[in-house]
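Just so it is clear, none of the values below were taken in a lab; they were calculated from the coordinates. These figures come from a predicted structure and were not determined experimentally. Cβ placement follows ideal geometry from the backbone for every residue including glycine, while neighbour counts extend to all protein chains displayed.
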């Protein structure tokens, strides 16, 4: 019996249904069309999804550009093969529709024991928001492998994707996702990550563009010792809806999760949503988890919703907690900077850069870090 088979058997015997996450299934019919009253949909402006929930098939595709280091492969596989390789099923209707309508999946494969010194780069480019694109991506990192994967979304599209990430025992993965869409784009994506025994995952997400972006990142564990850090930065302008959801499902003992997302928003009708949830199952003894979301409101007319949650089914844990803050500039920080001869506008710029830099500097890809700092600078110029 494999580790994955074993953990799945445990879950069947000791099933706990999360209050915020439906039963996973590839069957679209198992995920009814939402009305907007459901807990997982109540913040999302459904009409702005532009028909994604109806699930009409489409032949439209994004243009893929890739830089693959030696030993890393990118190939097309069938939907059935994707389901065999990546055991985590969709948790909502958008994920199920993406898997059903994509017409197969793209497999990014990092073989066992391969240490990739340079980033694996994928650019997914859309050329029109007039047609719907369905996507299904599988990222497989073999036993004891080590890699950094950069997925960069640019251009215009109405795009719904289901991404599955399987990280083998003892492996290390940094997954960096950038959502830098044009102003008319709609992007919905579910990313399911399975962390192997003693494996380490850092998942970065940066959302800077798009009319509506709704993503969910879900983590579970195939064995003890797995560690996951979910880190994000987002910046919403007037009229934008940016929604991020994270779910850490502790399905094995002695596992770890840490969630830290930071957002800034400005302009009339700018709306950000962050919903974090941690489910600690009965089998998940001696785990450690913390989730935090911080929001900086730069102007009137903007709204940030921030909801952390903990669902705990065992008392034998090393630590669990959550925190959430939403507010304007810290007057003390501004006063300190201005008292040293810095103008108010420059002081505000420095505070925002400092607010985001804690996460941006952790990426370890210099050109990406520079690009993100420049993007924040561009956003601030519009305040």
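Couple of notes before you dig in:
- Hull volume in cubic angstrom per residue (convex hull over the Cα atoms of segment 125-272): 82
- Residues considered: 67, 266, 164. Largest GNM mean-square fluctuation over the chain, using C-alpha springs under 10 Å, is found at 67.
- Between residue 312 and residue 39, the FRET efficiency from the beta-carbon distance, with R0 = 22 Å, is close to 0.75.
- One chain, two ends: residue 377 and residue 282. Fully extended at 0.36 nm per residue, the span grows by 29.6 nm beyond their Cα-Cα distance.
- Gaussian network model of the chain, springs between alpha carbon atoms under 10 Å - residue of 189, 130, 346 with greatest fluctuation: 346
- Extension gain, residue 320-residue 117: 0.36 nm per intervening residue step, less the Cα-Cα distance, totals 69.7 nm.
- Evaluated at q = 0.10, 0.14, 0.18, 0.21 Å⁻¹, a Debye calculation over the C-alpha positions of segment 62-197 (equal weights, vacuum) places log10 I(q)/I(0) at -0.31, -0.61, -1.00, -1.31.
- 0 to 90° range, to nearest 10: angle between helix 344-360 axis and the chain longest Cα axis: 10
- Length released on extending from residue 362 to residue 143, taking residue separation times 0.36 nm less the Cα-Cα span: 76.4 nm
- Using a Gaussian network model of the chain in which every pair of alpha carbons under 10 angstrom is joined by a spring, one finds that among 218, 357, 295 the greatest mean-square fluctuation is at 357.
- Principal-axis tilt of helix 366-380 within the chain, Cα atoms, nearest 10 degrees: 50
- Across the chain, the mean sequence separation of Cα contacts (distance under 8 Å, 6 or more residues apart), normalised by length, yields a relative contact order of 10 percent.
- Crossing angle, helix 3-13 versus the chain [Cα axis fit, 0-90 degrees, rounded to tens]: 90
- Base-10 log of normalised Debye intensity for segment 19-69 (one unit scatterer per alpha-carbon) at q = 0.22, 0.23, 0.30 Å⁻¹: -0.96, -1.00, -1.30
- Semi-axis lengths, Å, segment 40-95, gyration tensor of Cα atoms, sqrt of 5 times eigenvalues: 29, 17, 13
- Convex hull volume per residue for segment 3-328, taking Cα atoms only, in Å³: 118
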